[in-house]
Amino acid sequence: STSYPAFTPWMGQLANNGGPVLSAPVVVTVTWDADTGRSTFESFGDGLGASSYWSAAVGEYGVGPVTSGAANHVHLSTPPPAQWGDSDVRTFIQTNAGTLLTAPTPQTIYVFYIAPGTTFIFGNQNACGSIGGYHDDVTVGNAAVAYAVLPNCATDSKTTQYASHEIGEAATDPDPSTQPAYYGYDDPYVAFDFWQRGNDENGDACEFFADSFYTESQPFAFQVQRLWSNKMGAAGHSPCQPYTATY
């Protein structure tokens, strides 16, 4: 046949659980002075929203362009901690939001790039042995604020892959602990929860596929990860977008 696909595959659909989605996300990039990757991570956050990657990866879920810029670059001059964990991140946000950290809004995603030399503990073990990053929400005042954490475990390029994954998830499911949005699969597709081993946000659902990792074209030439698309998967195309090859 000259028409592809020959049939429409049965493809899982991420469930909308009713929580908020960020229509105009603002990335606040937090780095330590000791981090030589700072300029890479700040440029990544600043250019993400205008990239063709971002709109193709999350636009169908009602997520608009990311904004950032110098006003949302937070430079920490204190010595990096020898060890940090999630409780430390949450306390840091609650203590410093609006002062050392840019004041949060309902669209804010604080993105922490952990400094070289800091051992980040996740699940009672060194995060570098189990994850590339994660995201969650924390209560500041009476509002939930999204944040993502990228442990310093790999090259700067690999870290931007992890960052694209976590920022994409934080935009489509910013409050996973309190008000889940796109998380899990609709009931007819519950088998996908088992197939994906419970990894079922839009970033997790594609991370098992080697071709999900690639370098975006100029002018946004950073390494990123393709994210799950309900729309394209149901139409018989690759569920991990953007994807231009024949599926």
Quick one: is Phe209 open to solvent by 30 Å² or more (accessible area, probe 1.4 Å) and within 15 Å of Gln161 (Cβ to Cβ)? yes
Looking at Thr159, Thr172 in this structure, which one is touching a helix residue (DSSP H, G or I) at 6+ places or on another chain (Cβ under 6 Å), open to solvent by less than 30 Å² (accessible area, probe 1.4 Å) and either polar (S, T, N, Q) or at pLDDT below 95 (or both)? Thr172
Do any residues in region 57-78 that are hydroxyl-bearing (Ser, Thr, Tyr) have Cβ atoms under 8 Å from those of residues that are assigned to a loop (DSSP other than H, G, I, E, B), where the two are at least six apart or on different chains, and which pairs are they? Tyr61/Val21; Tyr61/Asn202; Thr67/Ala24; Thr67/Pro25; Thr67/Gly49; Ser68/Gly49; Ser77/Asp33
Looking only at helices (runs of 4 or more DSSP H) that fall completely inside region 1-108, which ones have 3 or more residues that are closer than 27 Å to Met232 by Cα? 38-48, 52-58
Which condition breaks for Ser177 when tested against (1) closer than 22 Å to Thr31 by Cα; (2) part of a loop (DSSP other than H, G, I, E, B); (3) of a type in the set (Gly, Ala, Ser); (4) in contact (Cβ under 8 Å) with a residue 24 or more places away in the chain? (1)
How many of the residues in region 201-242 are acidic (Asp, Glu), outside any helix (DSSP H, G or I) and farther than 16 Å from Ala171 by Cβ? 2
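Residue by residue, here is whether (1) over 30 Å from Pro219 (Cα atoms); (2) open to solvent by less than 10 Å² (accessible area, probe 1.4 Å); (3) of a type in the set (A, V, I, L, M, F, W, C) holds:
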position: Val63; (1), (2), (3): no, no, yes
position: Pro79; (1), (2), (3): yes, no, no
position: Thr95; (1), (2), (3): yes, no, no
position: Tyr113; (1), (2), (3): no, yes, no
position: Asn124; (1), (2), (3): yes, no, no
position: Ala154; (1), (2), (3): no, no, yes
Residue identified as farther than 16 Å from Glu166 by Cα, at pLDDT 95 or above and open to solvent by less than 20 Å² (accessible area, probe 1.4 Å) among Val30, Val74: Val74
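The values are calculated or read from the model by the stated rules, or taken from the named source; none is laboratory data. A quick note: this is a predicted structure, and the numbers were derived from the prediction, not measured. Glycine also receives a Cβ, built like all others from the backbone with ideal geometry; neighbour counts cover every protein chain displayed. Just the protein is used for accessible areas: all its heavy atoms, side chains included, with ligands, DNA and RNA removed. Shrake-Rupley method; radii C 1.70, N 1.55, O 1.52, S 1.80 Å.
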